[in-house]
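Student: Would you mind keeping the following structure in view while I ask a few things?
Here, each number is a calculation from the coordinates, and none is a lab measurement. These numbers come from a predicted model, not from an experiment. Cβ sites come from the backbone with ideal geometry, for glycine too, and all protein chains shown count toward neighbours.
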Amino acid sequence: MEIIYGTGNHAKILFMERALKGLPVEISSISQVAAARKIALPWLEETGSTPLENARIKAEAYYKLLGSPVFSCDSGLYLWNHETGQPLPKEEQPGVCVRGRMEKRRSDDDLLAIYTGLVRKYGLIRARYMNAICLIWNEEIRAESMEEDLWGEEFLLTDKPHPKRVEGFPIDSISIDIRTGKYYYDIKDNSQDTLAGNKGFYRFFNCFLEQLSDKR
């Protein structure tokens, strides 16, 4: 099954390919598909208040534009003081605006500066990504979820970035495994995928494929 991933972030494409390894799914980048069809991609403002609302906004817009099976994902990042267990103040919770919106969207370097600054202010921070997905197969068939099995595992943020950096995933370089106290980049290859709920995405697509087969 070929399906378009509604993102231009190459690191996210690679993550999803790893997450879905073993399933009969071929992921295509929306930017590549649009370029091949000579279609200009619109700028989409993610105005939702939850990851699922934003995932739905993107998937619906891209399906309307391309008329092909497409899915989009979105995430919210939520933070707690690791020592006290208390959530950080509302004004310092990134939520669904990890990178900001419109002209205020932040670069990878901006994000590192913000989150290392929060660690210096509060001490070690416990964090978790809450993820959502919306998949549109055709006008009649779609699936979406923001169930907890899509969420990443809890992790710690440090103010000392790892030497390794992956474009599009800057926060991974300051992410530490709670159990071992090690950077995810020092544990094993792609261990940081657990931060983004890789097993949940596999289950979502596997279930969708089974349901699609039943409908045929």
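Student: Just to be sure I understand, if you calculate Cα extents along the principal axes in Å for this structure, which of (i) 53, 37, 30; (ii) 65, 49, 34; (iii) 94, 85, 26 do you get?
Tutor: (i)
Student: Students often forget the sequence filter, so: which lysines lie under 29 Å Cα-Cα from Lys12 once same-chain residues fewer than 8 apart are removed?
Tutor: Lys21, Lys38, Lys58, Lys64, Lys90, Lys104, Lys160, Lys164, Lys182, Lys188, Lys199
Student: Additional query: Figure the gain on full extension for Lys182 and Ser213 (residue separation times 0.36 nm, minus the Cα-Cα span) and round it to one decimal in nm.
Tutor: Taking 0.36 nm per residue and subtracting the Cα distance, the gain is 6.9 nm.
Student: Would you kindly state how much longer the chain becomes between Leu23 and Lys199 on full extension, computed as 0.36 nm times their sequence separation minus their alpha carbon distance, in nm to one decimal?
Tutor: Fully extending the segment from Leu23 to Lys199 adds 62.1 nm.
Student: May I ask you to sort His10, His82 by Cβ crowding, counting other Cβ atoms within 10 Å and putting the fewest first?
Tutor: Arranged by neighbour count, lowest to highest, His10, His82 become His10, His82.
Student: Let me check against my output: what whole-number percent is the relative contact order of segment 1-85, with C-alpha pairs under 8 Å and at least 6 apart?
Tutor: Once normalised by length, the contact order is 34 percent.
Student: Between Thr84 and Glu53, 0.36 nm times their residue separation minus their Cα-Cα distance comes to what?
Tutor: Here the segment from Thr84 to Glu53 would lengthen by 8.0 nm.
Student: Moving on to the next point. Given Cβ point charges of +1 (Lys, Arg) and -1 (Asp, Glu) and nothing else, what value in debye, to the nearest 20, does the dipole of segment 56-172 about its Cα centre take?
Tutor: 460 debye
Student: Given axes a ≥ b ≥ c from the Cα gyration tensor, I'd like to know whether segment 2-69 is rounded (a/c under 1.5), prolate (a/b larger than b/c) or oblate.
Tutor: In terms of gyration-tensor shape, oblate.
Student: Let me ask something else. Rounded to the nearest 20 debye, what is the charge dipole size of the chain about its Cα centre when +1 sits on each Lys and Arg Cβ and -1 on each Asp and Glu Cβ?
Tutor: The dipole of the chain has a size of about 340 debye.
Student: May I pose another question? Return the single residue from Ala36, Ala11, Ala113 with maximal mean-square fluctuation; model: Gaussian network over the chain, springs between Cα atoms under 10 Å.
Tutor: Comparing Ala36, Ala11, Ala113 in the GNM, the peak value goes to Ala36.
Student: Continuing with the same structure: How do the peptides 37-48, 174-185, 55-66 rank, highest first, by the average count of neighbouring beta carbon atoms within 10 Å per residue?
Tutor: 55-66, 174-185, 37-48
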